[in-house]
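Notes for the one structure printed next.
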Amino acid sequence: MVVSFSSSKCGNSNDTGTITVAAPYTTSGDTTADVVQRSDLPERYSFSFLHKWNFLFPLGRTVQNGAISVAVAALVLLVAGLGLRLYPAARRARRRRLADV
């Protein structure tokens, strides 16, 4: 999504530290899409580029989807590996508790 930080009809940066963000398209009434505090801009940037993996956009959509798939598969294998690593220890602890009763 393309976001413009100023628009001729929607307003510009003002004295209160807010930025009026205009929609990437204009409607018949030139509706304002959002009003963003300057302190919220890093959060929006990190969501757009890191969370949505947009930093891989220049490589193409197929590469981006492949990288996300590999990362998710790696996380699934990591969690499964940790679970298998902890299972014997939990089983020993359970046997000790039952033996103490």
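Quick note: the coordinates plus some simple rules give every number you see, no bench work behind them. A quick note: this is a predicted structure, and the numbers were derived from the prediction, not measured.
Numbers at a glance
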{"read-out": "Contour minus Cα-Cα distance for Arg97 and Ala71 (0.36 nm per residue)", "value": "5.5 nm"}
{"read-out": "Gained length - Ser46 relative to Leu86, 0.36 nm times residue gap less alpha-carbon distance", "value": "11.0 nm"}
